[in-house]
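Student: Just passing along the structure, written as structure tokens.
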């Protein structure tokens, strides 16, 4: 899947959750991506965010950081 599609979909999710306020939105975005995106899509989103995150909404950047932290924590446990 093209990075532009990943960015567009992630930003649409952020738009949906944005009305919840920052912290709840980040949890909602991360939860949606974790539950409904396949691992390949998540890896592509992570790679895009790691390479500067061009055009990603700030809430998505924060959600990616939360997802990556959760992955690290789950791997350690």
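The values are calculated or read from the model by the stated rules, or taken from the named source; none is laboratory data. As the structure is a prediction and not an experimental result, all values here were calculated from the model. Every residue, glycine among them, receives a Cβ derived from its backbone with ideal geometry; neighbour counts consider all protein chains shown.
Student: Which residues, taken from region 27-46, are touching a residue at least 12 places away in the same chain (Cβ under 8 Å), surrounded by fewer than 14 Cβ atoms within 10 Å (Cβ to Cβ) and under 16 Å from residue 8 (Cβ atoms)?
Tutor: Matches in region 27-46: none.
Student: Any chance region 50-69 includes a residue that's modelled with pLDDT under 95 and surrounded by fewer than 12 Cβ atoms within 10 Å (Cβ to Cβ)?
Tutor: yes
Student: So which residues in region 12-26 are surrounded by 15 or more Cβ atoms within 10 Å (Cβ to Cβ) and either without any contact (Cβ under 8 Å) to a residue 40 or more places away in the chain or not in a helix (DSSP H, G or I) (or both), if there are any at all?
Tutor: Initially, region 12-26 is screened for residues surrounded by 15 or more Cβ atoms within 10 Å (Cβ to Cβ), giving 13-14, 17-18, 25-26.
Hit for region 12-26 is 25, nothing else.
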